[in-house]
Amino acid sequence: MPSIFSRDDFVLLTGDTESWIVRIEDISLLETHRDLTLVHFPHGKLLIRRSLKNCERRLDSSIFFRASRDCIVNLSQVKQPRLSKDRGLIFLLKDGKEVVLSRRQASLFRKIRAL
C-alpha cells in the first residue's frame, strides 16, 4: 500500500513534457481530466497520468477534501467558505479559484467539520 503524503512532504509531479517538485501543502486543487488528474500549484498546473481516485488514496484526509466527483481541495488553501444562493457550499481558494461542493460532499463537510 502506498504511503500517505503529509503536509510538509515533497512530491515529484511528472507530466508528458515537464516535471515539478512541489510541496504537498502548496497543491491547491486536483481536478479530474478524463483518466488523468490536473494538479494546481503556485507555479502553474500539470496534467499527471494518475486517476483522481489514485491521488486521493495518497493524500492526507485531514488536509485534502473531496469536494465533488471531479475535484479534491487542499483545505489549507481555502481562503473563505461561502454559501451559494441555493444554500450549497463554495470554497474560495487563496489563488482566487472557486470550488463548488456537491450537495452530498457539502453535507458531509458540514457534518465532520462543524463545531
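The values are calculated or read from the model by the stated rules, or taken from the named source; none is laboratory data. Note that the structure is predicted; figures quoted are calculated from it, not measured. We place every Cβ from the backbone using ideal geometry, glycine too, and count neighbours over all the protein chains shown. These accessible areas exclude ligands, DNA and RNA; they are computed on the full protein's heavy atoms, side chains included. Shrake-Rupley method; radii C 1.70, N 1.55, O 1.52, S 1.80 Å.
Of note:
- Within region 1-20, the set of residues being at pLDDT 90 or above, β-branched (Val, Ile, Thr) and assigned to a loop (DSSP other than H, G, I, E, B) comprises 17 only.
- Of all the listed residues (99, 73), the sole one being in contact with a strand residue (DSSP E or B) (Cβ under 8 Å, 6 or more places away or on another chain), in contact (Cβ under 8 Å) with a residue 60 or more places away in the chain, open to solvent by less than 80 Å² (accessible area, probe 1.4 Å) and closer than 29 Å to residue 17 by Cβ is 99.
- You will find that of 107, 84, 68, the residue that is surrounded by 15 or more Cβ atoms within 10 Å (Cβ to Cβ), over 17 Å from residue 41 (Cα atoms) and of a type in the set (Gly, Ala, Ser) is 68 and no other.
- Leading residue by the ranking (modelled with the lowest pLDDT) among those in region 87-96 that are open to solvent by less than 70 Å² (accessible area, probe 1.4 Å) and more than 15 Å from the chain's Cα centre (by Cα): 88
- Among the residues of region 23-64, those identified as among the polar types (S, T, N, Q), in a loop (DSSP other than H, G, I, E, B) and either surrounded by 14 or more Cβ atoms within 10 Å (Cβ to Cβ) or at pLDDT 95 or above (or both) are 28, 51.
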